[in-house]
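Below: the structure, in structure tokens.
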Amino acid sequence: MVTSLPHSNDAAGGFTLVELVMAVAIISGAFLSLLFMRTDAVDRAFTYNHQRLVERVGREVLDEVAFGLSDGLEGTAQIPGHSEGTGWPWSATITDMSREDVGPRLLEITLTLEHPGSDIENTEEFVLSTRILVAEDDPLAANALIGSQLDSGSGF
């Protein structure tokens, strides 16, 4: 004789549909949080790398001006990895900070570099300055004297 065991409608070992939907919702929320953190990290890395590039190019141009390697006090900075015709415009001003009429000259060189900002349509300015000590007959000192004489009538 074959006897059957009483069959119960309760699924003792399975999940209900509500439990399954809740598990999917929790996993989706965690995934979206991770995706947001990754996107934010990529944006911050891009911004950091762009700022490093701006500072690097600005320092290179400032060094060229300070060491007398540039042709003038304005030009276009070449961007590493870009074609020769592209670049960022820059301008420099030289101020004579010396307190004496004769002898070595203390010059302050201020560089303004225009670069694309976070909004592609607008540009931002990066300003960097340094002070150098040069001989009285240095061409940079002559540029500083000419520039300051035009502004205030005196080189000092």
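Scoring S33 on the criteria (1) in a helix (DSSP H, G or I); (2) touching a residue at least 24 places away in the same chain (Cβ under 8 Å) leaves a single failure, condition (2). Restricting region 128-144 to residues that are part of a loop (DSSP other than H, G, I, E, B) and free of Cβ contacts under 8 Å to residues at least 40 places away in the same chain, the residue that is nearest to D101 (Cα to Cα) is E136. List the residue pairs whose Cβ atoms are under 9 Å apart, where the first residue sits in region 51-73 and is more than 15 Å from S129 (Cα to Cα), the second is aromatic (F, W, Y) and surrounded by fewer than 19 Cβ atoms within 10 Å (Cβ to Cβ), and the two are 6 or more positions apart or on different chains. Listed pairs, sorted by first residue: Q51/F126. Counting only residues that are surrounded by 14 or more Cβ atoms within 10 Å (Cβ to Cβ) and either at pLDDT below 85 or of a type outside the set (F, W, Y) (or both), region 77-90 holds 4 of them. Could you list, in sequence order, the residues of region 74-116 that are of a type in the set (V, I, T) and closer than 19 Å to T130 by Cβ? Listed by number, the residues that qualify are T93, I94, T95, I109, T110, T112. Does F67 satisfy the criteria of being farther than 30 Å from E136 by Cα and either surrounded by fewer than 16 Cβ atoms within 10 Å (Cβ to Cβ) or of a type in the set (A, V, I, L, M, F, W, C) (or both)? Criteria not met by F67.
The values are calculated or read from the model by the stated rules, or taken from the named source; none is laboratory data. In this text the structure is predicted, and so the values were computed from the model without any measurement. When we count neighbours, we look across all protein chains shown, and the Cβ atoms used for this are built from the backbone with ideal geometry, even at glycine.
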